Amino acid sequence: MKSKKLNADIKTELITQYILSTLEQNKSPENVYLFAKKMGIEEKEFYTHYSSLEALENDIFRAWFEQTKITLETAKVYADYSSREKLLAFFFAWIETLKNNRSFVKFMFEKAKNHMPQTPVFLKLMKEEFVKFAQQIVHEGIDSKEITDRKFLTEKYGEAVWVNLIFVIKFWLKDDSNSFEKTDEAVERSVNLAFDLMGRSPLDSMIDFGKFLFQNR
Amino acid sequence: MEQNSIPSSKVERAMRFVKTGVQIGGNYMKHYSKKMLDPSLNKDQLHEDNATDVYNTLSELKGSALKVAQMLSMEKNVLPRQYTNKFQMAQYSAPPLSGPLIVQTFIKSFGKAPQEIFETFNMKASNAASIGQVHEATLGGKKLAIKIQYPGVAESIKSDLKMVKPIAFRLLDMNEKELEKYIKEVESKLLEETDYELEFKRSIEISTRCAQIPNLVFTEYYKEFTSKRVLTMDWMEGMHLEEFLKTNPSQEIRNKIGQAMWDFYDMQVHKLRAVHADPHPGNFLMRSDGTLGVIDFGCVKEISIDFYYNYFSLLVPELMKDVSIVKRIMLQQEIINKSDTPEVQQIITDAFVKMTNLLRTPFDYEEFDFGNNEYIDKIYELGEEVSKMDELKKSKEGRGSQHALYINRTYFGLYSILNVLQAKVKTGVRDWSKDLIQYHLSKSN
């Protein structure tokens, strides 16, 4: 590999080769030494880009997440969307992004199967960024009154949306309908449900009433 | 209006139907307990109660179940009128797709968001159809109408129909075999309707062939923006039936529109031998200049030669006078079966002849006034009478060819629209009857 290449390019190349190698062998490269050898670089050089294979795996999903966000934000309509629509749009766009690499995603989820329901190791980095992103949407939703601000709970909404995302990915991996129409339905319905739950509900009124009774009896 | 609870899983949807079944049972209980106190009570209130419950259930469902409601509402002859009124309401409302899902559907179909394709695109649906919704857009200064289908419609049709079955069974008062035929026919037609590419092909075909009918207008379709789930056409101005009537159109204008509609169906049935558009109010746009726009070609019933020559002979009085021809037609149409006793054959034949005579009435005049409520009421009455006939109900086999289902539906639909429109139509031109007479004479010899 030519050292003239930009750092980012080499990273992209590493990612591409990593995915390719995984798909062709139907197993992940076993260690950095073997992977570097395959790439025709020294092990030492690999470490200037990633600290471990796990870090590389994490970076794959983080990069896809970044890419999805950019696609979204460059779309004209996105800015006018309500919070609910922004989240819906992200889910749809995310599945579109993953479509280019469905086999790889499937392989990764299979591999992590035994550790579910914990967040798979390779999604740690993406999760961090996604929860930040989701939390921002939640705050916008609170401002626009789409979402009810509930003490303590509100800060956990980002996490809840993450669980929703994982659900959709798993649904999609099992979906065998034409052009994944069922997944579209799953997205539409689960996100709508999530927003309905985050919106004002009878429970809020009950708690409110309970507080009133407690303070005034 | 966003609907907040779309029943999602199959189980949940099934539960809704079960609930309705229970409610209907409850309504019957209520009816009979009231009746014990007040023997003069008739079944109107009961039907009304049932219709409300069934309507409430169906209106919460999207896609095929809604379509079934629509179909039931067309079958005025089978359903008590109270049901029909309720179902008619179902024809215009379904919960909308979210903005992002619209974008997603476009990306899947054309690789681009609608905002990238069109100069303007209104994300708010201007209209809901039973399996999709209509959006307004502009391109090159032209106003377009874009129909977008809900995802997964085709997939859920089969399971929905299975669940509608027990309800339909109670509503339609049909025996099981008959219902089976009915459901099969409905299912295959519904599946066709989900394919917008097919609808595109058909609309081109029919608009070319019906171009010369006066006062009938078709719209332009765009192939490059059409996929299985998206259909793009020129926006057509006009009003739906109810709305149009509120503008108080003159009798002359009503007649013009009624005539265009009549000629359109005459052309389809006797020349094209395929009925391309449901005569249901949502598929037509009426304009104050007396022209009629046709906008939906989702449902097509092809009419086979054999069926054509038999079924439509029922509309030719000369042929109906000949008992042997009538019997042949009844057997071919499976309205009577060889295994029936002669008495049963006679009873059913008589009832059927009575019904077709009534249906045929408009054809017997040079001009027929469909505004005549007495006539339309007679059709409903007879329809109910026939559906209650023990000889038909007890029969283990289905009665009536399933093709007749769509044709009947077409004519009842057509008559009822013309009735609401209060149109006088020139119906006497029956140039096709010679051909039918010829056919049967050659068979009899």
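The values are calculated or read from the model by the stated rules, or taken from the named source; none is laboratory data. Being a predicted model, the structure only gives us computed values, none of them experimental. Here Cβ is always computed from backbone atoms with ideal geometry, including for glycine, and neighbour counts include all displayed protein chains. For the accessible areas, the whole protein counts, side chains as well, though only heavy atoms, and no ligand, DNA or RNA atoms are used. Shrake-Rupley method; radii C 1.70, N 1.55, O 1.52, S 1.80 Å.
For the reader, a short list of remarks on this structure follows.
- Residue check, residue B:88 out of contact with any Asp or Glu (no Cβ under 6 Å at 6 or more places or on another chain), modelled with pLDDT of 85 or more and part of a helix (DSSP H, G or I): no
- 3 or more residues modelled with pLDDT of 70 or more and touching a Gly at 6+ places or on another chain (Cβ under 7 Å): qualifying helices (runs of 4 or more DSSP H) within the stretch B:375-445: B:402-421
- For the stretch A:174-186, a tally of residues being open to solvent by less than 20 Å² (accessible area, probe 1.4 Å) and assigned to a helix (DSSP H, G or I) returns 3.
- Scanning the stretch A:22-44 for residues that are surrounded by 12 or more Cβ atoms within 10 Å (Cβ to Cβ) and either free of Cβ contacts under 8 Å to residues at least 12 places away in the same chain or under 23 Å from the mean Cα position of the chain (by Cα) (or both) yields A:22, A:23, A:28, A:33, A:34, A:36, A:37, A:42, A:43.
- For the stretch B:218-263, residues that are charged (D, E, K, R), open to solvent by less than 50 Å² (accessible area, probe 1.4 Å) and in a loop (DSSP other than H, G, I, E, B) total 1.
Quick grid of which residues meet (1) away from every other protein chain (no Cβ under 13 Å); (2) in a helix (DSSP H, G or I):
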| position | (1), (2) |
| --- | --- |
| A:132 | yes, yes |
| A:145 | yes, no |
| A:171 | no, yes |
| A:188 | no, yes |
| A:191 | no, yes |
| A:200 | no, no |
| A:209 | yes, yes |
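- Lone unmet requirement of (1) part of a helix (DSSP H, G or I); (2) within 13 Å of another protein chain (Cβ to nearest Cβ) for residue A:158: (2)
One line per residue, one yes/no per condition, for (1) within 12 Å of chain B (Cβ to nearest Cβ); (2) in a helix (DSSP H, G or I); (3) of a type in the set (S, T, N, Q); (4) more than 29 Å from residue A:10 (Cα to Cα):
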{"site": "A:62", "(1), (2), (3), (4)": "no, yes, no, no"}
{"site": "A:65", "(1), (2), (3), (4)": "no, yes, no, no"}
{"site": "A:72", "(1), (2), (3), (4)": "yes, yes, no, no"}
{"site": "A:78", "(1), (2), (3), (4)": "yes, yes, no, yes"}
{"site": "A:85", "(1), (2), (3), (4)": "yes, yes, no, yes"}
{"site": "A:88", "(1), (2), (3), (4)": "yes, yes, no, yes"}
{"site": "A:94", "(1), (2), (3), (4)": "yes, yes, no, no"}
{"site": "A:107", "(1), (2), (3), (4)": "no, yes, no, no"}
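- Of all residues in the stretch B:344-375, those satisfying the criterion of being touching a helix residue (DSSP H, G or I) at 6+ places or on another chain (Cβ under 9 Å) and farther than 30 Å from residue B:421 by Cβ are B:344, B:345, B:347, B:348, B:349.
- Exactly one residue among B:187, B:155, B:176 is open to solvent by 20 Å² or more (accessible area, probe 1.4 Å), within 20 Å of the chain's Cα centre (by Cα) and at pLDDT 70 or above, and that residue is B:187.
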